Amino acid sequence: MPHTAPRYLAEGPRVGIRPFSHEDGAEFTARARESKQLHQPWLFPPDSPSAYTAYAGRLIADPAKAGFLVCEKEGEHGAGAIAGFININNIVEGGFRCGALGYGAFAHAAGRGLMREGLDLVVDHAFGPMRLHRLEINVQPLNAASIALARSCGFRLEGFSPKMIHVDGAWRDHERWAITAEMRACG
C-alpha cells in the first residue's frame, strides 16, 4: 500500500500519531480484516468501506471524539503504514476534562511495542494540546494484552464494573484503568 509522507501530531522513535482521514479507508479496512483473530472477541473495527466511512466520519466531526492512527515511521510495510489506532471517546470539557480511550493494534504490528509508543504519544497529546486532565480505559478482564498496555503506560486499576459495555451481542464486565495529568508528570 503506497504511503505519502504523513504529517504527525507527535512522533516517537518508531511511530507517529495523526488524525484519521477518509483517505485511510482502504488500508485501515484491509488491516482490520487481516487482524480479525487478534481483535475478536474484544473489538470490531470497521472492515468495509461503508463502515469505515461512517466510523471515520464520527471521529472527524464529533467534538466529543478524537481518533488517532499510530503509523510506523519506517519498516517493511513502508513509511506511514498504519500499525493501529487509538480513540478518545466521550470527551468532556469544563471542570471534568476527561475522555475514555479505546485502541487496537493491527496483526502485523502486534507485540512489537509500537502501540506502547503510540499510546504514550496520545496520552501526552491529550494532557498537552487537548488540555484533558484524566483518561480512562475500560477493558474486559480477560483481555490480557490490552491490560498489559494500559499498565505499561502508567494507568492504574481503579475498579470493576459488571455488565458495563455492550460488546459482541452481550453486556460485558470491564475493569476501569485511569491516569491523570499529575500521575503522568510524576511517572
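The values are calculated or read from the model by the stated rules, or taken from the named source; none is laboratory data. Note that the structure is a prediction, hence the values are computed from the model and not measured. For neighbour counting, all protein chains shown are included, and Cβ atoms are generated from backbone atoms with ideal geometry for every residue, glycine included.
Pairs are defined by a Cβ separation below 9 Å, a sequence spacing of at least 6 or placement on different chains, a first member in the stretch 106-133 that is more than 24 Å from R33 (Cβ to Cβ), and a second member that is in a loop (DSSP other than H, G, I, E, B) and among the aromatic types (F, W, Y); the pairs so defined are L121/Y8; V123/F155; H133/F96. Residues of the stretch 28-49 being out of contact with any Pro (no Cβ under 9 Å at 6 or more places or on another chain) and of a type in the set (K, R), which ones? The answer is R33, K36.
Contact annotation: residue pairs with Cβ atoms under 6 Å, 6 or more positions apart or on different chains, pairing a residue in the stretch 153-179 that is on the phi > 0 side of the Ramachandran plot with a partner that is part of a loop (DSSP other than H, G, I, E, B), are G154/G187; D168/P41.
Could you check, for the stretch 130-137, whether at least one of its residues is over 17 Å from P63 (Cβ atoms), in contact with a Leu (Cβ under 9 Å, 6 or more places away or on another chain) and among the acidic types (D, E)? Looking for residues that are over 17 Å from P63 (Cβ atoms), in contact with a Leu (Cβ under 9 Å, 6 or more places away or on another chain) and among the acidic types (D, E), one finds at least one in the stretch 130-137, hence yes. Of all the listed residues (G16, G12, G25), the sole one being in contact (Cβ under 8 Å) with a residue 40 or more places away in the chain, small (G, A, S) and touching a Pro at 6+ places or on another chain (Cβ under 7 Å) is G16.
A single member of S152, S146 is within 13 Å of the chain's Cα centre (by Cα), among the polar types (S, T, N, Q) and more than 19 Å from A64 (Cβ to Cβ), and it is S146. Scanning the stretch 155-187 for residues that are under 19 Å from the mean Cα position of the chain (by Cα) and in a helix (DSSP H, G or I), we see that the one that is modelled with the highest pLDDT is A181.
Here the helices (runs of 4 or more DSSP H) wholly within the stretch 1-103 that include at least 1 residues being surrounded by 17 or more Cβ atoms within 10 Å (Cβ to Cβ) and at pLDDT 95 or above are 25-34, 49-61. How many residues are over 18 Å from G118 (Cβ atoms) and acidic (D, E) if we restrict to the stretch 4-33? Residues that pass the stated criteria total 1.
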